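Since the structure comes first, as structure tokens, the remarks are kept for the end.
Derivation of every value follows stated rules applied to the coordinates shown; laboratory data play no part. Just so we're clear, the structure is a prediction, and the values are computed from it rather than from any experiment. Please note: Cβ atoms are built from the backbone with ideal geometry, for glycine as well, and neighbour counts cover all protein chains shown.
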Amino acid sequence: MQPLIRYLLGEPHPSGTRIVDSQKCFRSEDIDEVGDNRHTTFFEMLGNWSLGDYFKAEQLPWVFEFLVEELGIDPARLYVTVFSGEEKYNIPRDDESVEIWRRLFKGVGIEAKAVHIGDPDRGGEVGMRGGRIFYYNSTKNWWSRAGPPEKMPAREPGGPDSEIFYDSGTPHDPKHGPHCHPNCECGRFMEIGNSVFMEYTKTDDGRFERLPQRNVDFGGGLERIGAAVTGNADMFAVDTLKCLIDALPGGVGEMRSKRIIADHVRAAAFLITDGVEPSNKDRGYMLRKLLRRSIIHASMLERGEEDANSLSAGYVETLERLFGIVCDEYAGTYALDRGRILAVFRGESQKFRNTFTNGMRRLAQYETVDVDTAFKLYESFGLPYEVIKEFGGEKAAALTREAFEERLEAHRQRSRAGAEKKFGGHGLILDTGELKAKDEAEMEKVTRLHTATHLLHAALREILGDEVKQAGSDITPERTRFDFSYPRKLTEEEVKRVEETANRAVQRDLRVECREMPRGEAEKTGALFFFKAKYGDRVKVYYTGGSLEGAFSKEFCGGPHVERTGLIGRIRITKEEAVAAGVRRIRAVVE
Ligand SMILES: [Zn+2]
Ligand SMILES: [Zn+2]
């Protein structure tokens with residue numbers, strides 16, 4: 001999604017206006033939910049895009065034809081949702097999609113009634129009412145990187161979407177309200193595809209207007225669609241997972257463990273192939289968790305009368321066999337690195353044996369195992385609830401799965417909040433490597449700081465000479481940090497002059513302009529570029545001050561920048577220091 005934003009806004013895509021693809025996806029936040037019928041950490045996403053090409057009238061019939069005619073899914077099991085509109089922003093209800101859906105269902109002999117639900121929390125009260133098409137509000141049927149319309153920053157694209165659900169026919173769980181509906185959490189309905197109609201953008205004054213082009217972004221989970229094809233809502237019945245489930249020992253009563261192993265082994269194989277190594281941080285930690293949980297669950301499936309305090313003797317062989325099956329199953333589609341996968345697995349397995357033994361020793365030291373102790377054992381040693389409960393015996397008699405899961409959920413929410421802080425909920429709205437912003441306010445700040453950085457760069461060269469060359473740069477909403485080559489500490493006087501020179505450019509309120517051209521030609525203009533960065537054949541040159549020739553500042557750059565330097569505000573250098581021999585660093589803020 002992220003890399004396509006500029007093309008949705010109108011820039012021509014090198015592959016044209018109709019694009020299809022299949023992507024590997026990994027979702028870490030679902031890891032503790034794996035074990036039921038519809039959660040996996042790894043899945044493949046099928047997508048098609050229209051960049052200002054086809055729209056609703058083509059997209060919906062095509063996706064319906066694909067599911068019903070190509071894949072043979074029973075249309076009576078399909079239910080769809082559409083956007084209920086948002087008066088506040090003058091965005092109409094998506095009756096256009098409703099008409100198309102009605103006609104498509106009619107074509108297969110189904111009278112499709114549209115029912116208004118609006119707020120999904122009211123769904124349990126409203127129920128299905130014989131409907132086939134359901135209107136939901138922007139929490140369910142609106143898509144943008146920032147979420148619903150009110151959360152979107154200015155100039156962000158977004159639009160209504162239309163989801164397709166597969167009805168597995170399982171009974172509704174009244175825990176979620178008196179009635180079932182497509183977005184009910186009970187698991188009866190499984191979303192198998194979503195067509196996003198990206199046709200709006202938010203203006204600077206918070207209104208919504210149409211984009212110059214209307215786009216479509218469709219995404220559908222391959223395994224979920226596969227499950228619908230098999231006629232039930234069990235993702236693990238799909239070939240790529242079933243071949244793993246079938247290769248594991250143990251009975252149907254141990255299905256939860258089997259699903260965990262199948263998902264984790266497959267996800268780990270892909271992560272390892274993509275270069276991830278087990279560690280205690282970020283991606284590495286996720287991989288470690290996948291491998292360790294696979295080991296414990298494989299060990300549990302195999303444990304016989306042998307020593308209960310250690311891992312089973314056979315798990316290494318079992319899991320190695322499973323990794324082999326994953327590689328074979330995907331051969332021809334994805335080239336998984338069998339050698340590296342097995343080497344990483346063996347290394348981690350070796351390390352984990354000690355941790356597991358230590359964990360079991362620690363467990364043995366406790367007099368009673370309550371929920372806090374259990375959670376500690378889980379976090380520090382990777383011992384799951386089942387192991388703690390089983391080996392804790394009498395000591396863990398009072399420990400319940402419910403309490404443990406509650407504790408886990410509280411922890412999960414905390415770490416999710418942490419991740420949101422780090423990544424900004426739906427992801428950063430801007431991340432160029434150099435600039436990062438998570439919302440509109442931060443975007444505005446880093447944009448001002450970015451143009452200020454260009455001015456400082458030009459000012460440094462004006463005052464200190466051409467030996468000043470960029471050595472790095474990092475911009476947060478609080479400050480800009482710019483590294484450059486220079487052999488000695490700057491005097492106070494020099495810092496002051498650099499600051500004044502940059503601020504003079506601010507006071508002149510110069511227009512910031514951009515021209516795109518071949519790299520060779522851009523180099524000849526004398527525009528500055530960062531020798532460590534990789535540039536394509538065509539580059540953008542941002543310059544301030546009248547013409548490119550006489551510009552005060554000109555640099556190869558991807559933007560974004562303020563329109564006029566006057567919008568920056570006053571630039572203040574807060575620090576000058578050394579970072580390495582011959583490399584200086586300045587920090588500056590804008591006020
Ligand atoms: Zn339900
Ligand atoms: Zn720049």
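When the gyration tensor of segment 491-591 is built from Cα positions, what are the square roots of 5 times its three eigenvalues, in whole Å, from largest to smallest?
Details: eigenvalues 125, 74, 26 Å².
Each semi-axis is √(5λ); the values are 25, 19, 11 Å.
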(request) Check the straight Cα-Cα distances from LYS436 and name the aspartates and glutamates below 17 Å, setting aside those fewer than 8 residues away within the same chain. (result) GLU156, GLU420, GLU444, ASP474, GLU478
(request) Hand me the tally of lysine pairs in segment 1-159: alpha carbons under 27 angstrom apart, and the pair either on different chains or 8 or more positions apart. (result) 13
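Can you quote the Å³ per residue value for the convex hull of the Cα atoms in the chain, rounded to an integer? Each step should come with its number before you reach the end.
On the way: hull volume 113.5 nm³, N = 591.
That works out to 192 Å³ per residue.
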(request) Rounded to the nearest 0.05, what FRET efficiency do LEU71 and VAL115 give with R0 = 30 Å and r taken as the Cβ-Cβ distance? Could you check? (result) 0.70
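Semi-axes, largest first, in whole Å: what does sqrt of 5 times each Cα gyration tensor eigenvalue give for segment 112-161?
On the way: eigenvalues 138, 25, 6 Å².
Taking √(5λ) for each eigenvalue gives 26, 11, 6 Å, largest first.
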(request) May I ask for the angle, rounded to the nearest 10°, between helix 56-65 and the longest principal axis of the chain, with both axes built from Cα atoms and the value confined to 0 to 90°? (result) 30
(message) Whole percent per 10 Å bin, from 0 to the bin with the longest distance: what is P(r) over all C-alpha pairs of segment 1-81?
(response) 14, 31, 36, 18, 1
(request) Report the far tail of the P(r) of segment 52-161, meaning the percent of Cα-Cα pairs longer than 19 Å. (result) 50
(message) Under 17 Å between alpha carbons, and skipping anything fewer than 8 positions from LYS554 in its own chain: which aspartates and glutamates qualify?
(response) GLU462, ASP466, GLU467, ASP509, GLU513, GLU516, GLU521, GLU523, GLU563
(request) Starting with the fewest neighbours, write out LEU363, LEU408 ranked by other beta-carbon atoms found within 10 Å of each beta-carbon. (result) LEU408, LEU363
(message) In the chain, if the dipole is taken from +1 on Lys/Arg beta carbons and -1 on Asp/Glu beta carbons about the Cα centre, which of ALA458, GLY566, TYR89 is farthest to the positive end?
(response) ALA458
(request) For segment 361-377, just list the computed ³J(HN,Hα) in residue order, Karplus coefficients 6.51, -1.76 and 1.60, θ = phi - 60°, integers in Hz, with x standing in for Gly and Pro. (result) 5, 4, 4, 5, 6, 6, 7, 10, 10, 9, 5, 5, 4, 4, 5, 4, 5
(message) From the phi angles alone, apply the Karplus equation (6.51, -1.76, 1.60; θ = phi - 60°) to segment 339-351 and give each ³J(HN,Hα) in whole Hz, x where the residue is Gly or Pro.
(response) x, 5, 4, 5, 5, 5, 4, 4, x, 5, 4, 4, 5
(request) For the chain, find the longest principal axis of its Cα atoms and tell me its angle to the long axis of helix 440-464, 0 to 90°, nearest 10. (result) 40
(request) For the chain, find the longest principal axis of its Cα atoms and tell me its angle to the long axis of helix 401-423, 0 to 90°, nearest 10. (result) 20
(message) 5 Å is the cut-off here: which amide hydrogens, built 1.01 Å from N in the peptide plane, fall below it relative to LEU211, excluding neighbours closer than 5 in sequence?
(response) TYR200, THR201
(request) Return ILE261, ILE475 ranked ascending by Cβ neighbour count within 10 Å, so the fewest neighbours appear first. (result) ILE475, ILE261
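Of LYS445, LYS140, how do they rank once you tally other Cβ atoms within 10 Å and put the fewest first?
Arranged by neighbour count, lowest to highest, LYS445, LYS140 become LYS445, LYS140.
Quick one: of LYS175/LYS376; LYS289/LYS351; LYS489/LYS534, which pairs are farther than 19 Å apart, Cα to Cα?
Values: LYS175/LYS376 31 Å; LYS289/LYS351 13 Å; LYS489/LYS534 29 Å.
Where the Cα-Cα span goes over 19 Å, the pairs concerned are LYS175/LYS376; LYS489/LYS534.
Let me know the volume per residue of the alpha-carbon convex hull for segment 2-236, in Å³.
Numbers: hull volume 30.0 nm³, N = 235.
Here the figure is 128 Å³ per residue.
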